[in-house]
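Trainee: Here it is, the structure in full.
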Amino acid sequence: MYAPPRHVTHRARPAPGLKIAIATPRDREAIYRARHDVYARELGQHPSGGDGRLADALDDVNLYFTASAGGELLGFISLTPPGGPLSLDKYRPRSDYPFAIDDRTWEVRLLTVLAPHRRRAIAVLLAYAAFRWIAAHGGRRIVAMGRIELLPFYNALGLLSTGLPVSSGAVTFEVLTADIDTLEQQASTAFNLPRMLERSAPHLDWQLPIAFRSPARCFHGGAFFKAIGEDFTHLDRRHEVINADVLDAWFPPAPGVLESLRGHLDWIIRTSPPTDCAGMIRAIALARGVPESSILPGAGSSDLIFLAFGLWLQRTSRALILDPMYGEYAHVLEKVIGCTVERLHLSRDDGYRIDLATLERLLAEPFDVVVIVNPNSPTGVHVPRETLERLLRSSAARRIWLDETYVDYAAPGQSLEHFAAASHNAVVCKSMSKAYALSGARAAYLCGSSALLEDLRAGTPPWAVSLPGQIAAVTALADPAYYLARWSETARLREALARDLRNLARWDVVPGVANFLLCHLPEDGPDAAAIAGACRPHGLYLRDASAMGRSLGRHALRIAVKDAATHTRMLAILGDVLATLGPPSVLQSMA
């Protein structure tokens, strides 16, 4: 590959009107002549040809991307797909390489920027285009040859040197490789890639049939599965792990749930569920005292969020959310849909309580959607039903989305489902994951007027909830006494854990009503990421909450409520970790 020196490549803005596209047959002829000029005449890698063009057998299968402006070719890059010969095969046997070449390995070749355009960011954008294409098409490894004079540039892109030289004519190359998952992170550091992409986008005509930016992933807890194993071959390891980074219930589902699933498991696993979840809808409507037409089932609240917001909103929409708040909403609104998001900031000084006067003023504006999580996550703060209902009755918002995943932990009768079922613009999203101990079953529903849910029904696939999920939901709703007892016990465990955490190391624990606690750590001590990271080798997984709100800071940690014995284990691990991280003077005796 040929590219301009690193120190002049990443600092400049690309030319206005720069186009990145797949090479046309006409472009290829220009590329073959440019290859001859650069690799034969300029570098001496190949002998000069009489026709002034340079091509090879791989061009029959290679994909070329071009960078051009005003019809002028400025640069290009070539990709060789998996499953066939590579350019590297001409120089070394594959057994020489310290990596495997398989059906997810792509070769990147001929990264070339033509004079006099080598003082622009074209090389990085061409490389980025190649990496995006490979990632979008399931590639996992990249191999390449890089001129030794330009190894710092290739290394900065994330391509790793193997120490294996390759000579071709007057040019010496080195074999390079990279895992596609690490490339963007490395390039982001070396070239400030996010900033470069942001600056390039208004000037760039991106004509590749893939998104300019890789789809953003929504971060959740659940890192504990790394310790158990995501291939599920060592599920017994779960006994060694405390998954306090997610908010799964500490108690098992109602006994009837387990009895139903165990007694008919072989049939349940191999049998298709009712396509319309009719039994689940009927059970929910009966338990909540609302019409069946007011219930729309889904495979967890995330399924319903992506469904509803994807149908209701577009880039021109305007949304209001709380901050801090469950991060999936900001992700979907900003990263997936790309609409305008305004935030009602909640202050630590006010205990993260919603300023009701401010909320009332904002509800008078014609937002396309207002999202309220109540009780809120990660704060655990709850607005009483009567208060919130009064404010919502006069709202001018087109739609109001009330996430009540944790409302059962607050107190009986706090849900706004009755209000939503009779409302023209409000919908309640209820996950049965946390309060009913059914996280793995993925059972949830929306409650709203039949008119509001009508368009969503058309977008809901058959078998929206699995048969185990439907059976678990129906059976759980039949045993309210069991869950009322568990929710009361959760409150006692939460208060005991809060007390112990405050005593442990000057932690400021936010009073909440759900099955978790938000803790602010001392500013003069280790931050949340450091503590969470130090706990993992001990099998304790906690949630660094810093990314869940713009003002939480680096010392915000969220901890799930567990049973008393697990709390003892958690506190012991935290005590050991804090003693190691220091300063020891802040630690207090647990005696």
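The values are calculated or read from the model by the stated rules, or taken from the named source; none is laboratory data. In this text, all values refer to a predicted model and were calculated from it rather than measured experimentally. Note: ideal-geometry Cβ built from the backbone for every residue, glycine included; neighbour counts use all protein chains shown. When the accessible area is computed, the model is the full protein with side chains, heavy atoms only, and any ligands, DNA or RNA have been set aside. Shrake-Rupley method; radii C 1.70, N 1.55, O 1.52, S 1.80 Å.
Trainee: Here is a check on your reading of the model: is Leu497 under 21 Å from Asn376 (Cβ atoms), open to solvent by less than 10 Å² (accessible area, probe 1.4 Å) and modelled with pLDDT of 95 or more?
Mentor: Values: under 21 Å from Asn376 (Cβ atoms): yes; open to solvent by less than 10 Å² (accessible area, probe 1.4 Å): yes; modelled with pLDDT of 95 or more: yes.
When the stated conditions are applied, Leu497 passes them.
Trainee: Here are some residues: Leu111, Leu125, Leu88. Which one is in a helix (DSSP H, G or I), within 21 Å of Thr172 (Cβ to Cβ) and aliphatic (A, V, I, L, M)?
Mentor: Numbers: Leu111 fails: in a helix (DSSP H, G or I); Leu125 fails: within 21 Å of Thr172 (Cβ to Cβ).
Of Leu111, Leu125, Leu88, the one residue that is in a helix (DSSP H, G or I), within 21 Å of Thr172 (Cβ to Cβ) and aliphatic (A, V, I, L, M) is Leu88.
Trainee: Looking only at residues in segment 167-179 that are crowded, with 19+ Cβ neighbours inside 10 Å and out of contact with any Pro (no Cβ under 9 Å at 6 or more places or on another chain), which one is modelled with the lowest pLDDT?
Mentor: It comes out as Ala178.
Trainee: Just wondering, is there one or more residues in segment 131-144 that are more than 33 Å from the chain's Cα centre (by Cα), surrounded by fewer than 22 Cβ atoms within 10 Å (Cβ to Cβ) and at pLDDT 90 or above?
Mentor: Checked segment 131-144: no residue is more than 33 Å from the chain's Cα centre (by Cα), surrounded by fewer than 22 Cβ atoms within 10 Å (Cβ to Cβ) and at pLDDT 90 or above.
Trainee: Can you tell me which residue within segment 503-520, out of those that are among the aliphatic types (A, V, I, L, M), modelled with pLDDT of 90 or more and out of contact with any strand residue (DSSP E or B) (no Cβ under 6 Å at 6 or more places or on another chain), is nearest to Ala547 (Cα to Cα)? Let's see the steps before the verdict.
Mentor: If we filter segment 503-520 for residues that are among the aliphatic types (A, V, I, L, M), which is where we start, we get 504-505, 509-510, 513-514, 517-518.
After this cut, where a residue has to be modelled with pLDDT of 90 or more as well, the list is 509-510, 513-514, 517-518.
So of that shortlist, the ones also out of contact with any strand residue (DSSP E or B) (no Cβ under 6 Å at 6 or more places or on another chain) come out as 513-514.
On the way: Val513: 22, Ala514: 20 Å.
Filtering segment 503-520 for residues that are among the aliphatic types (A, V, I, L, M), modelled with pLDDT of 90 or more and out of contact with any strand residue (DSSP E or B) (no Cβ under 6 Å at 6 or more places or on another chain), the one nearest to Ala547 (Cα to Cα) comes out as Ala514.
Trainee: From the list Arg343, Arg353, Arg315, which one is in contact (Cβ under 8 Å) with a residue 12 or more places away in the chain and either in a strand (DSSP E or B) or in contact with a strand residue (DSSP E or B) (Cβ under 6 Å, 6 or more places away or on another chain) (or both)?
Mentor: Every option except Arg343 fails the conditions.
Trainee: What are the residues in segment 409-438 that are of a type in the set (A, V, I, L, M), part of a strand (DSSP E or B) and farther than 10 Å from Leu452 by Cα, if any?
Mentor: Here is the first cut: in segment 409-438, the ones of a type in the set (A, V, I, L, M) are 410-411, 416, 420-422, 426-428, 432, 435, 437-438.
In the following step, the residues that additionally are part of a strand (DSSP E or B) were identified as 426-428.
Within segment 409-438, just Val428 meets the criteria.
Trainee: Scan segment 478-494 and give yes if some residue there is of a type in the set (A, V, I, L, M) and either touching a helix residue (DSSP H, G or I) at 6+ places or on another chain (Cβ under 6 Å) or part of a strand (DSSP E or B) (or both), otherwise no. Show your work before the answer.
Mentor: Of all residues in segment 478-494, those of a type in the set (A, V, I, L, M) come to 478, 481, 484-485, 491, 493.
Okay, now just the ones that are also either touching a helix residue (DSSP H, G or I) at 6+ places or on another chain (Cβ under 6 Å) or part of a strand (DSSP E or B) (or both), so none.
No; the residues of segment 478-494 include none that is of a type in the set (A, V, I, L, M) and either touching a helix residue (DSSP H, G or I) at 6+ places or on another chain (Cβ under 6 Å) or part of a strand (DSSP E or B) (or both).
To keep it simple, each residue is scored yes or no on (1) farther than 26 Å from Trp487 by Cα; (2) touching a Phe, Trp or Tyr at 6+ places or on another chain (Cβ under 9 Å).
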site	(1), (2)
His345	yes, no
Leu356	yes, no
Asn374	no, yes
Arg393	yes, yes
Glu404	no, no
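Trainee: Conditions first: (1) farther than 22 Å from Met325 by Cβ; (2) open to solvent by 40 Å² or more (accessible area, probe 1.4 Å); (3) at pLDDT below 95; (4) not aromatic (Phe, Trp, Tyr). Ala481 passes all but one, so which condition is the exception?
Mentor: Unmet for Ala481, out of (1) farther than 22 Å from Met325 by Cβ; (2) open to solvent by 40 Å² or more (accessible area, probe 1.4 Å); (3) at pLDDT below 95; (4) not aromatic (Phe, Trp, Tyr): (3).
Trainee: Note down all Cβ pairs under 8 Å where the first residue falls in segment 22-51 and is more than 16 Å from Leu111 (Cβ to Cβ) and touching a residue at least 60 places away in the same chain (Cβ under 8 Å), the second is of a type in the set (Gly, Ala, Ser) and open to solvent by less than 50 Å² (accessible area, probe 1.4 Å), and they're at least six residues apart or on different chains.
Mentor: His46/Ala40; His46/Ser168; Pro47/Ala40
Trainee: Which count do you get for residues in segment 230-246 that are touching a residue at least 24 places away in the same chain (Cβ under 8 Å) and open to solvent by 40 Å² or more (accessible area, probe 1.4 Å)? Explain how you work it out, then say what you get.
Mentor: To start, the set of residues in segment 230-246 that are touching a residue at least 24 places away in the same chain (Cβ under 8 Å) comprises 240-246.
Imposing the further condition that a residue be open to solvent by 40 Å² or more (accessible area, probe 1.4 Å) reduces the set to 240.
Adding up the residues that qualify gives 1.
Trainee: Quick check on segment 149-165. Is at least one of its residues open to solvent by less than 20 Å² (accessible area, probe 1.4 Å), among the hydroxyl-bearing types (Ser, Thr, Tyr), under 24 Å from Trp206 (Cβ atoms) and part of a strand (DSSP E or B)? First the steps, then the outcome.
Mentor: Here is the first cut: in segment 149-165, the residues open to solvent by less than 20 Å² (accessible area, probe 1.4 Å) are 150, 153-154, 156-159.
Restricting the remaining residues to those that are among the hydroxyl-bearing types (Ser, Thr, Tyr) gives 154.
Keeping just the survivors that are under 24 Å from Trp206 (Cβ atoms) gives 154.
Retained after the next criterion (residues that are part of a strand (DSSP E or B)): none.
No, every residue in segment 149-165 fails to be open to solvent by less than 20 Å² (accessible area, probe 1.4 Å), among the hydroxyl-bearing types (Ser, Thr, Tyr), under 24 Å from Trp206 (Cβ atoms) and part of a strand (DSSP E or B).
Trainee: A further question follows. With respect to the numbered conditions (1) under 21 Å from Val175 (Cα atoms); (2) touching a residue at least 60 places away in the same chain (Cβ under 8 Å), which one is the sole condition not fulfilled by Pro82?
Mentor: Result: Pro82 fails condition (2) only.
Trainee: When you check Thr112 against the structure, is it among the hydroxyl-bearing types (Ser, Thr, Tyr), touching a residue at least 60 places away in the same chain (Cβ under 8 Å), surrounded by 12 or more Cβ atoms within 10 Å (Cβ to Cβ) and within 16 Å of Ala55 (Cα to Cα), yes or no?
Mentor: Values: among the hydroxyl-bearing types (Ser, Thr, Tyr): yes; touching a residue at least 60 places away in the same chain (Cβ under 8 Å): yes; surrounded by 12 or more Cβ atoms within 10 Å (Cβ to Cβ): yes; within 16 Å of Ala55 (Cα to Cα): yes.
In short, yes.
Trainee: Would you confirm, using the coordinates I've provided, whether Leu176 is part of a strand (DSSP E or B) and aliphatic (A, V, I, L, M)?
Mentor: Numbers: part of a strand (DSSP E or B): yes; aliphatic (A, V, I, L, M): yes.
When the stated conditions are applied, Leu176 passes them.
Trainee: Counting just the residues of segment 405-420 that are touching a helix residue (DSSP H, G or I) at 6+ places or on another chain (Cβ under 8 Å) and open to solvent by less than 20 Å² (accessible area, probe 1.4 Å), which one comes out nearest to Leu493 (Cα to Cα)?
Mentor: Within segment 405-420, the match that is nearest to Leu493 (Cα to Cα) is Tyr409.
Trainee: Could you tell me whether segment 319-331 includes any residue that is surrounded by fewer than 16 Cβ atoms within 10 Å (Cβ to Cβ) and part of a helix (DSSP H, G or I)?
Mentor: First pass over segment 319-331, keeping only residues surrounded by fewer than 16 Cβ atoms within 10 Å (Cβ to Cβ): none.
No: zero hits.
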